[in-house]
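Chemist: Before I ask anything, here is the structure I am working with.
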Amino acid sequence: MSNLTLHIDSPVLTYEEFGRRTGMSIHLIRKMVSEGRLPIVPKRKPKDTPFINMLALSRAASEQQFTL
């Protein structure tokens, strides 16, 4: 069994910052969010700024099986 240690400098990111860090376009990020492929923090009001939930994304990635 191996241990995994992740450093997450921010628990949430705006679409713009997530795009800057990953090289993804805002259009692709919005599409992935609408398809449920990127988790967001639930918005309290429709006009609230959406944020990518980096903790949920990291958790989902760590639970996947990888074979090298």
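Throughout, read-outs are computed from the coordinates displayed, never taken from laboratory work. Source: prediction; values computed, not measured. FYI the Cβ positions are ideal-geometry reconstructions off the backbone, even for glycines, and counts take in every protein chain you see.
Chemist: Would you calculate, for the chain, the mean residue ellipticity at 222 nm contributed by helices, counting each DSSP H stretch of 4 or more residues as -39,500 (n - 2.57) and dividing by all residues, to the nearest 500?
Modeler: That calculation yields -11000 deg cm²/dmol at 222 nm.
Chemist: Extending each Cα 7 Å along its Cβ direction at Thr5 and Thr22, get the distance between those two points in nm, one decimal.
Modeler: Going by the 7 Å Cα→Cβ label model, 2.6 nm.
Chemist: Let me ask another. At what distance in angstrom do the alpha carbon centres of region 41-59 and region 6-39 lie from each other?
Modeler: 10
Chemist: How would you rank Asp9, Asp48, going from fewest to most other Cβ atoms within 10 Å of each one's own Cβ?
Modeler: With the fewest neighbours first, Asp9, Asp48 line up as Asp9, Asp48.
Chemist: Do me a favour and compute the ellipsoid semi-axes for the chain from its Cα gyration tensor, root of five times each eigenvalue, largest one first, whole Å.
Modeler: 24, 14, 12
Chemist: Non-local amide H neighbours of Val12 (under 5 Å, H modeled in plane, Pro and chain starts lacking H): which ones?
Modeler: Met54
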